[in-house]
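This report refers to the structure that appears directly beneath it.
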Amino acid sequence: MQLNTDWSKTVVIYTPDLPWQGSPAEGVQRRLLERDGEEAARATSVVRYVPGAHFPEHQHPLGEEIFVLTGTFSDETGSYGPGTYLRNPPGSAHAPYSDEGCILFVKLRHFNPRDLQPVRVNMAQARWSSGLVDGLTVLPLADFEGEHTALVRWQPETYFQAHRHYGGEEILVLEGIFADEHGEYPAGTWMRSPHWSAHQPFSKEGCLILVKTGHLPLSADGS
């Protein structure tokens, strides 16, 4: 399956508009955002567990990244509520489940094979830092060889300078409305911008975004 695999193009999806699709596990459904492959695929999805759903034990040969949007997600390492960021490195395995149900943002098989550090961060308990401009606060989540993942909170009427993204940029809008010269993006919007893309972002209303940079291929053929 090939879905949004032209890395030279910007993709903007309002995720609540997508249908839920089944998965190999009963009670686990997905909204597919990008996918390169069949069931074992490099993929980005919004995933929903109904209450009591569980997924059989499985490995992640090239890692898994999770952000808990609602509910409580659990596996052998613990239970994780909304605002928790999880990074399961290449070669890790687990048998996830959700007693109360949950919705997750999930990325699969995109890790550098050398990136072996597990990460668990709860945004409500972590220490945020001032951003590069007034009105921004930042919570770094993961950094590895040029790839950076962070939560960024924008106060109302915050404006950032125009800039480019080496290795591209990916954003999930979690709260409020994020904007740039190309449009406005409400909570639930997923955006992927290619290598060396440029914009001048701002937020009039304020927002919270999950941001990843430096992880996308440098050419349309994935290289």
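The values are calculated or read from the model by the stated rules, or taken from the named source; none is laboratory data. What you see is a predicted model, and the numbers here were worked out from it, not measured in a lab. Cβ atoms come from the backbone with ideal geometry, glycine included; neighbour counts cover every protein chain shown. Accessible surface is based on the protein model in full, side chains and every heavy atom, while ligands, DNA and RNA are left aside. Shrake-Rupley method; radii C 1.70, N 1.55, O 1.52, S 1.80 Å.
Taking the condition of being of a type in the set (Asp, Glu) and surrounded by fewer than 18 Cβ atoms within 10 Å (Cβ to Cβ), how many residues in the stretch 161-179 meet it? Walk me through how you get there before you give the answer.
Residues of the stretch 161-179 of a type in the set (Asp, Glu): 169-170, 175.
This time we only want the ones that are surrounded by fewer than 18 Cβ atoms within 10 Å (Cβ to Cβ), so: 175.
Residues in the stretch 161-179 being of a type in the set (Asp, Glu) and surrounded by fewer than 18 Cβ atoms within 10 Å (Cβ to Cβ): 1 in total.
Looking at the stretch 19-28, can you tell me whether even one residue there is open to solvent by less than 10 Å² (accessible area, probe 1.4 Å) and closer than 30 Å to ARG127 by Cα?
Among the residues of the stretch 19-28, not one is open to solvent by less than 10 Å² (accessible area, probe 1.4 Å) and closer than 30 Å to ARG127 by Cα, which makes the answer no.
Kindly indicate the residue of the stretch 96-120 that is open to solvent by less than 30 Å² (accessible area, probe 1.4 Å) and without any contact (Cβ under 8 Å) to a residue 60 or more places away in the chain and also farthest from ALA25 (Cα to Cα) among those meeting that condition. Spell out the reasoning first.
Step one: of the stretch 96-120, the residues open to solvent by less than 30 Å² (accessible area, probe 1.4 Å) are 96, 98, 101-102, 104-107, 110-111, 115, 119.
Remaining after also requiring without any contact (Cβ under 8 Å) to a residue 60 or more places away in the chain: 96, 98, 101-102, 104, 111, 115, 119.
Details: PRO96: 11, SER98: 12, GLY101: 14, CYS102: 15, LEU104: 15, PHE111: 24, ASP115: 28, VAL119: 25 Å.
Filtering the stretch 96-120 for residues that are open to solvent by less than 30 Å² (accessible area, probe 1.4 Å) and without any contact (Cβ under 8 Å) to a residue 60 or more places away in the chain, the one farthest from ALA25 (Cα to Cα) comes out as ASP115.
Which strands (runs of 3 or more DSSP E) sit wholly inside the stretch 1-82 and have at least 2 residues that are over 14 Å from HIS94 (Cα atoms) and at pLDDT 95 or above?
11-14, 28-36, 42-49, 64-71
Please state which one of LEU174, LEU151, LEU141 is under 25 Å from VAL68 (Cα atoms) and touching a Ser or Thr at 6+ places or on another chain (Cβ under 7 Å).
That would be LEU141, the only listed residue that is under 25 Å from VAL68 (Cα atoms) and touching a Ser or Thr at 6+ places or on another chain (Cβ under 7 Å).
Of all residues in the stretch 186-198, how many are part of a strand (DSSP E or B) and either open to solvent by 20 Å² or more (accessible area, probe 1.4 Å) or over 17 Å from LEU151 (Cβ atoms) (or both)?
5
From PRO217, PRO201, which residue is surrounded by fewer than 18 Cβ atoms within 10 Å (Cβ to Cβ) and within 20 Å of the chain's Cα centre (by Cα)? Even if it seems obvious, please write down each step before you answer.
On the way: PRO201 fails: surrounded by fewer than 18 Cβ atoms within 10 Å (Cβ to Cβ).
Among PRO217, PRO201, only PRO217 is surrounded by fewer than 18 Cβ atoms within 10 Å (Cβ to Cβ) and within 20 Å of the chain's Cα centre (by Cα).
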